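To start, the structure itself, in C-alpha cells.
The values are calculated or read from the model by the stated rules, or taken from the named source; none is laboratory data. These numbers were taken from a predicted model, which means no experiment stands behind them. Using ideal geometry, Cβ is built from the backbone for each residue, glycine included, and neighbour counts are taken over all protein chains shown. What goes into the accessible areas is simple: the full protein's heavy atoms, side chains included, and nothing from ligands, DNA or RNA. Shrake-Rupley method; radii C 1.70, N 1.55, O 1.52, S 1.80 Å.
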Amino acid sequence: MKENGNNEITIEDFTKAFFTSPIFTPELNLFSTSKDDINNKMKFIVGESIKPFEIINKKSENNEILLHARERFNALTWLKVVKVNKGKKKLKEEEDVTCYELHYRCGLVNRSYFNKVLFTTLFPFHYVYARYLLAGAKQMLQQKFN
C-alpha cells in the first residue's frame, strides 16, 4: 500500500478500516455492533470496549494495537501498521513514495479441547478469510488516502 503526500496511516485508521470493511460486516452483525460504533464511538484507548472487542494494549509509537474478544472463543487480535520508506520513485515526476505494511494476527486464549478442535478444523478457512480481511482493509485505506 502506498501513500503520496502528508497523510500518515495510523493504527486507528487501520483498525477502523479492518473492522468496517465489507468482509468483516457479517462478524459485526453477529455481535450486534455497527460500523457507526467503530467509526464514531471508538476512542482507541486501553480498556475501551466495543462489543465484542476490548482494547487491552496499544502502542501508538509502534503503530500497533491488541484487542481481546472474550465472548464465544476468547480470542486475541493484533494489528500493526509498518511504514516503509521506499525513497525516490520515477513516476510522472520524481517524488518520495512511502509504503505501508498491514499486519494482522489472531489466536485463542483458552486452549480447551473444544477450542483446539474448532481452531484446527477452521484454521484453513480462517487463513484465507484473514487474507480477504487484510485486502478489504487495504481497499478501505486506499479509498480514504488516495
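Could you tell me whether Val82 is loosely packed, with under 15 Cβ neighbours inside 10 Å, modelled with pLDDT of 85 or more, aliphatic (A, V, I, L, M) and not in a strand (DSSP E or B)? Break it down stepwise before answering.
Working: loosely packed, with under 15 Cβ neighbours inside 10 Å: yes; modelled with pLDDT of 85 or more: yes; aliphatic (A, V, I, L, M): yes; not in a strand (DSSP E or B): no.
Judged against the criteria, Val82 is not a match.
Pick from segment 118-142 the residues that are polar (S, T, N, Q) and at pLDDT 90 or above: which of them is surrounded by the most Cβ atoms within 10 Å (Cβ to Cβ)? Even if it seems obvious, please write down each step before you answer.
Going through segment 118-142, the residues polar (S, T, N, Q) turn out to be 120-121, 139, 142.
Filter once more, keeping what is at pLDDT 90 or above: 139, 142.
Numbers: Gln139: 15, Gln142: 13.
Looking at residues that are polar (S, T, N, Q) and at pLDDT 90 or above, I get Gln139.
Restricting to segment 21-33, count the residues that are surrounded by 12 or more Cβ atoms within 10 Å (Cβ to Cβ) and either in a helix (DSSP H, G or I) or at pLDDT below 85 (or both).
Initial filter on segment 21-33 (surrounded by 12 or more Cβ atoms within 10 Å (Cβ to Cβ)): 21, 23-25, 27-28, 31, 33.
Going one step further and asking which of them are either in a helix (DSSP H, G or I) or at pLDDT below 85 (or both), we end up with 23-25, 27-28, 31, 33.
The total comes to 7.
Quick one: would you say Ser60 is modelled with pLDDT of 85 or more, of a type in the set (Gly, Ala, Ser) and open to solvent by 30 Å² or more (accessible area, probe 1.4 Å)? Step through it out loud before you land on a result.
Values: modelled with pLDDT of 85 or more: yes; of a type in the set (Gly, Ala, Ser): yes; open to solvent by 30 Å² or more (accessible area, probe 1.4 Å): yes.
Spelling it out, Ser60 is indeed modelled with pLDDT of 85 or more, of a type in the set (Gly, Ala, Ser) and open to solvent by 30 Å² or more (accessible area, probe 1.4 Å).
Output the number of the condition that Phe114 fails; it satisfies all remaining conditions of (1) of a type outside the set (Lys, Arg); (2) open to solvent by 50 Å² or more (accessible area, probe 1.4 Å); (3) within 19 Å of Leu141 (Cβ to Cβ); (4) at pLDDT below 75.
Only one criterion is unmet by Phe114, namely (3).
So which pairs qualify, if the first residue must be in segment 119-146 and in contact (Cβ under 8 Å) with a residue 12 or more places away in the chain, the second must be assigned to a helix (DSSP H, G or I) and open to solvent by 80 Å² or more (accessible area, probe 1.4 Å), the Cβ gap must be under 7 Å, and the two must be at least 6 apart or on different chains?
Gly136/Pro22
Please work out if Thr10 is modelled with pLDDT of 85 or more and closer than 20 Å to Phe145 by Cβ. Please lay out each step first, then the result.
On the way: modelled with pLDDT of 85 or more: yes; closer than 20 Å to Phe145 by Cβ: yes.
Spelling it out, Thr10 is indeed modelled with pLDDT of 85 or more and closer than 20 Å to Phe145 by Cβ.
Considering only residues that are in contact with a strand residue (DSSP E or B) (Cβ under 6 Å, 6 or more places away or on another chain), assigned to a loop (DSSP other than H, G, I, E, B) and among the aliphatic types (A, V, I, L, M), which ones fall in segment 36-64?
Hits for segment 36-64 are Met42, Val46.
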